[in-house]
Amino acid sequence: MPARVLEYLGQQVLERGPVIQPAQPGALCPFSGNPCSKVNRSEPLKPVCTVSTRGKSWIVCKDRLCSTSGTHFNNYQKDILLQIAREVAQRNVTEDEILYKREAPVAVPNASSYHADYVMVIFPGKKNVLKLVVEMQGGGETSSTGGLTSVVQEWEDAGELRTNAMLATVAPKTNAIETNAWRRQQEQFMVKGRVAVRSGGKLVFCIGELIFDYLQSKFAAHPPEDLRSGNWTLCLIAIKSDTVEGSPASPLQVGIDRSRTIFTDYDSFVRSITSVGGVDQTLFAPPFTGLNGRDWVGEGEP
């Protein structure tokens, strides 16, 4: 499926908005407050934050969703965590009721170091306290990235003829690779989730729309138990990006898709994922080729 640039250095790519200008060295990331890593070193897609493919947003920058970096914790990061807290608590939580820490070490014996993106405590000191390990994975890489890179490069080179429509040109062969995004997260999911649950907490996994759809398709035959109103230990939250009407130079509005959340038991979810696959009666049936070079076409199993 084709893709196009949806957000460039924190600016919506709207054809009717003010003409976006190429980022300069030293440009700051509007989400982390740090120098943009894609401007200041050779990166695919340059300072592209988000692309659109299959009618959905796909974050292509590690700092876009809710960066754990930056000297100071900014209002954007605070807002994302507040949205998450209110969703999992299922009530209007205030800032005074939330504690957090970033890149918190997760102890795993005889293993390399692990860090949770965020550890949050909601209602500290109360009987209904919620202890959460919060992981962020809004998107990932794309296939045929060179197509979108060429679009951005041609736009940069256009000089005074530069328009937002040029930057929004569709790259027909570029697509999100949600399978790779999930594969990279599986070990993190399994290890951090198990530690969180065994330590008396819960795991909250904030993922892009396409990753959420991908996971749902995997456990369609064995859906995990719905525990929204029960003792859940895992929450999956889909993150979406929407255009901000009337604010053409502003970032996309990133937040929770409240219609696409899953509250379940961590172990139940793991079983659902590992239950994918059934019986294949033809898998071990001939034909085969022997190491001696002869074909084996006998009936039944060898």
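Laboratory data are not the source of any read-out in this text; all were calculated from the coordinates shown. Worth saying up front: this structure is predicted, and the values here are computed from it rather than measured. All Cβ positions, even for glycine, are placed from backbone atoms using ideal geometry, and neighbour counts span all protein chains on display.
Just so you know, in the stretch 204-242 the residues that are polar (S, T, N, Q) and either buried (at least 16 other Cβ atoms within 10 Å of the Cβ) or in contact with a helix residue (DSSP H, G or I) (Cβ under 8 Å, 6 or more places away or on another chain) (or both) include one that is nearest to T142 (Cα to Cα), and it is S241. Screening K131 against (1) part of a loop (DSSP other than H, G, I, E, B); (2) in contact with a strand residue (DSSP E or B) (Cβ under 8 Å, 6 or more places away or on another chain) leaves a single unmet condition, (1).
Residues that are within 21 Å of M136 (Cβ to Cβ), surrounded by 14 or more Cβ atoms within 10 Å (Cβ to Cβ) and touching a Pro at 6+ places or on another chain (Cβ under 8 Å) do occur in the stretch 245-260, at least one of them.
Within the stretch 83-103, can you find the residues that are surrounded by fewer than 16 Cβ atoms within 10 Å (Cβ to Cβ) and out of contact with any Leu (no Cβ under 7 Å at 6 or more places or on another chain)?
Q90, R91, N92, T94, D96, L99, K101, E103
Looking only at the stretch 159-186, filter to residues that are in a helix (DSSP H, G or I) and among the basic types (K, R); which one of those is surrounded by the most Cβ atoms within 10 Å (Cβ to Cβ)? This residue is R184.
Scanning the stretch 261-275 for residues that are assigned to a strand (DSSP E or B) and surrounded by 19 or more Cβ atoms within 10 Å (Cβ to Cβ) yields I262, F263, T264.
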